[in-house]
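Worksheet for the structure shown next.
The values are calculated or read from the model by the stated rules, or taken from the named source; none is laboratory data. Source: prediction; values computed, not measured. Ideal geometry is used to build each Cβ from the backbone, glycine not excepted, and the neighbour counts take in all protein chains shown. In case anyone asks, the SASA skips ligands and DNA or RNA and just uses the protein heavy atoms, side chains included. Shrake-Rupley method; radii C 1.70, N 1.55, O 1.52, S 1.80 Å.
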Amino acid sequence: MNRRKLSVLTAITGGLAVGEFGSAVIIWLENYPGSFWPAAIVFGVLFLLAAWLLRSGRVTAGAVLAGLLCLFEVVSFAGWTRHNALDWVYQTAFALLSVVGLITVIAVLADRIRHRAAA
């Protein structure tokens with residue numbers, strides 16, 4: 001398997017975790033109505049779990065978890081409430097990083113399948 005793709009996926013997953021924690025802080029500080037900042041912390045922890053799984057060699061489990069989280073982020077992007085320019089920039093960048101993460105998950109899992117078929 002290509003270790004570079006796995007390293008990129010681990011870095012993206014870690015970046016998404018940091019982004020979720022940052023989002024929780026922004027939601028908490030701005031006190032947006034109807035927003036629930038602990039949900040962002042839960043997603044941050046789940047992204048950290050996916051990164052840990054990838055880093056510890058449990059590639060399939062980590063990639064599947066990261067892929068599901070990225071897919072959720074991409075699908076739910078249209079429904080996110082944006083209150084100001086910071087929200088627009090932050091959420092759009094976060095959604096684009098989730099798209100890149102989803103593509104990388106597919107590449108990593110395809111390499112795993114291809115490697116097992118060749119063995």
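Filter segment 21-35 down to the residues that are in a loop (DSSP other than H, G, I, E, B) and open to solvent by 30 Å² or more (accessible area, probe 1.4 Å) and list them by number.
Those that are in a loop (DSSP other than H, G, I, E, B) and open to solvent by 30 Å² or more (accessible area, probe 1.4 Å): N31, P33, G34, S35.
Please go through segment 36-68 and give me each residue that is open to solvent by 50 Å² or more (accessible area, probe 1.4 Å) and more than 21 Å from T104 (Cβ to Cβ), ordered by number.
If the condition is that a residue be open to solvent by 50 Å² or more (accessible area, probe 1.4 Å) and more than 21 Å from T104 (Cβ to Cβ), then F36, W37, I41, V42 are the ones that fit.
So how many residues does segment 78-96 have that are in a helix (DSSP H, G or I) and open to solvent by 60 Å² or more (accessible area, probe 1.4 Å)?
Here the count works out to 8.
Could you pull out the residue among R116, R112 that is of a type in the set (K, R) and farther than 23 Å from L46 by Cβ?
R116
Yes or no: L71 touching a helix residue (DSSP H, G or I) at 6+ places or on another chain (Cβ under 9 Å), within 14 Å of T10 (Cβ to Cβ), touching a residue at least 12 places away in the same chain (Cβ under 8 Å) and open to solvent by 60 Å² or more (accessible area, probe 1.4 Å)? Walk me through how you get there before you give the answer.
Working: touching a helix residue (DSSP H, G or I) at 6+ places or on another chain (Cβ under 9 Å): yes; within 14 Å of T10 (Cβ to Cβ): no; touching a residue at least 12 places away in the same chain (Cβ under 8 Å): yes; open to solvent by 60 Å² or more (accessible area, probe 1.4 Å): yes.
Judged against the criteria, L71 is not a match.
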